Structure formats: structure tokens, C-alpha cells
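**Q** My structure is below; once you've seen it, I'll send some questions.
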Amino acid sequence: VQLVESGGGLVQAGGSLRLSCAASGRTFSIHTMGWFRQAPGKEREFVATITWSGGSTYYADSVKGRFTISRDSAKNAVFLEMNGLKPEDTAVYYCAARDEWVTVHQWEYRYWGQGAQVTVSS
């Protein structure tokens, strides 16, 4: 499975961005997709996850109510709609996928994209 993110960029605080992740290859094996992020000097952290078939979603407390994860199974794509962005949301955002049930633990995701930079200015 190959994952490619797009849609990152620079935005002012309070603004919005939409990240996209296109999956290719053995996509029939995917059960769960997620978004993680890594800020400068910090560990990579969980942001949101979604089940590929049923669309069940889970969010980190820090983004709940501001970010929305969604998927388009027909297009093999997952999205992260980010509203009310804050400077502390600045990070490289990674798309990830796994063949098993949803989890927030990054080490349980087998497939990763290259990352997309999101920068929020104050």
C-alpha cells in the first residue's frame, strides 16, 4: 500500500486547511486509516482515525470539535478537514494505514505517507 498526502500549507490562526491522502496498491487490505502529526522537537502523536468500511471515527482531545476525518472508499482516499487552526497545530502531518482494527498507537500502523507540512501563523 502506498500513501501520498497533499493539501498542506501556511495559514493564519483561525483559518482552515484540508489534507488529502490517496491510497494505492493493495487497498483492499486496509481496515483503518489515521492521521498523525509531528511538531518540531516533539514526538509524533495521534490526531484522528477512521475505519475504512464503517466510517467510525476517533479523535485526539486536542483536535476534537475542530478537525474532521472522512474517507471516500470509492476513490481510496482519506481526508482531514482542519478548522479553527492554532499555532500549536503546526506540524508535519502523516497519513497511515493498517490492515486491522482501529488503534491510536502509531507503532501499530504498517503503511505511512511521506508527510505534509502544516504551518499556522499567529
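The values are calculated or read from the model by the stated rules, or taken from the named source; none is laboratory data. Being a predicted model, the structure only gives us computed values, none of them experimental. Every residue, glycine as well, gets a Cβ built from its backbone with ideal geometry; the counts of neighbours run over all protein chains shown. Just the protein is used for accessible areas: all its heavy atoms, side chains included, with ligands, DNA and RNA removed. Shrake-Rupley method; radii C 1.70, N 1.55, O 1.52, S 1.80 Å.
**Q** Give the number of residues within the range 4-32 that are without any contact (Cβ under 8 Å) to a residue 60 or more places away in the chain and of a type outside the set (S, T, N, Q).
**A** 4
**Q** Filter the range 17-44 down to the residues that are open to solvent by 60 Å² or more (accessible area, probe 1.4 Å), out of contact with any Asp or Glu (no Cβ under 6 Å at 6 or more places or on another chain) and farther than 10 Å from N76 by Cβ and list them by number.
**A** Within the range 17-44, R26, Q38, P40, G41, K42, E43, R44 qualify.
**Q** Further question on the same structure: Looking only at the range 111-122, count how many residues are modelled with pLDDT of 95 or more and assigned to a loop (DSSP other than H, G, I, E, B).
**A** Count: 3.
**Q** Now for a different question. In the range 1-36, which residues are closer than 12 Å to G113 by Cβ and of a type outside the set (A, V, I, L, M)?
**A** Of everything in the range 1-36, those that are closer than 12 Å to G113 by Cβ and of a type outside the set (A, V, I, L, M) turn out to be Q2, E5, S6, G7, G8, S20, C21, S24, G34, W35, F36.
**Q** Could you list, in sequence order, the residues of the range 46-99 that are assigned to a strand (DSSP E or B), among the polar types (S, T, N, Q) and either closer than 16 Å to G7 by Cα or open to solvent by 30 Å² or more (accessible area, probe 1.4 Å) (or both)?
**A** Answer for the range 46-99, where residues must be assigned to a strand (DSSP E or B), among the polar types (S, T, N, Q) and either closer than 16 Å to G7 by Cα or open to solvent by 30 Å² or more (accessible area, probe 1.4 Å) (or both): T57, T68, S70.
**Q** While we're on this one: Out of all the residues in the range 33-55, which are in contact (Cβ under 8 Å) with a residue 60 or more places away in the chain, in contact with a helix residue (DSSP H, G or I) (Cβ under 9 Å, 6 or more places away or on another chain) and of a type outside the set (D, E, K, R)?
**A** Matches in the range 33-55: G34, F36, F46.
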